[in-house]
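So the structure is just underneath, and the comments pick up after that.
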Amino acid sequence: MAFVGFYAPLLEQYGIRIFCITGDRARQVMEEMGIADRVGRSKLDIVLEGLCVECSMRNYRAFGGLHVKSSLAERIQDDVPASSAMMEAGYWSGFFTLDAKAFPPPHGDAVVRGELGLRNDPEGALKRNYFERHGQFDNCYSYNLRTIPTEGDTPSGKRIYTLSFSDPKPDQFMRDVIDRWNSVEDNLCS
């Protein structure tokens, strides 16, 4: 809800709506995308819709969505089936995270270093693979400044970005969403 509350007024000026969905509404959106039969219990947290100004009805059409986890320890693999199905069907599928995993005392120092910032750690490297190697999401947007962003090219062409709510807007997430809507708008309005 925080991501939606922050980005909704910023994306609105580009003819894009962003909103949370749950339960039956999430299932309905996945049915409209034509992927519900392939995703099982997988889910979609946030939908992106673009305003089709070329159609006579000026209605909104879904063109993508976002999967949200406060940390990657929250079973990111549960979102992979929906994300993969979305991308195969031509929809954009991003990933939002706070990358907020921390270890409390007595085993840790409670500092939120996250998991994506652990490039040299085998477990951290495996979690980066969801994006950088396997491309199971159309980019990851982390709002933990300790997350190490992707450097250079990746095997999948997908990246991990480290963002801040204080970054100048449009930030990388907004640019990616706006570019995607602009690239599919003509096809959706036909």
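Below, the figures for the structure above:
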| read-out | value |
| --- | --- |
| Residue match in the range 109-121 (condition: of a type in the set (Val, Ile, Thr) and in contact (Cβ under 8 Å) with a residue 24 or more places away in the chain) | yes |
| Qualifying residue in the range 68-86 (condition: among the hydroxyl-bearing types (Ser, Thr, Tyr) and without any contact (Cβ under 8 Å) to a residue 24 or more places away in the chain) | no |
| Within the range 1-82, helices (runs of 4 or more DSSP H) holding 3 or more residues that are touching a Phe, Trp or Tyr at 6+ places or on another chain (Cβ under 9 Å) | 2-12 |
| Residue satisfying condition, being of a type in the set (S, T, N, Q), surrounded by fewer than 22 Cβ atoms within 10 Å (Cβ to Cβ) and in contact with a strand residue (DSSP E or B) (Cβ under 7 Å, 6 or more places away or on another chain), within set 162, 154 | 162 |
| Filter result (farther than 16 Å from residue 94 by Cα and either acidic (Asp, Glu) or at pLDDT 95 or above (or both)) within the range 140-153 | 151, 153 |
| Residue in the range 105-126 that is under 19 Å from residue 46 (Cα atoms) and buried (at least 19 other Cβ atoms within 10 Å of the Cβ) present | no |
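The values are calculated or read from the model by the stated rules, or taken from the named source; none is laboratory data. Computed from a predicted model, the values in this text were never measured in an experiment. A quick note on method: Cβ atoms are made from the backbone with ideal geometry, for glycine too, and the neighbour counts reach across all protein chains shown.
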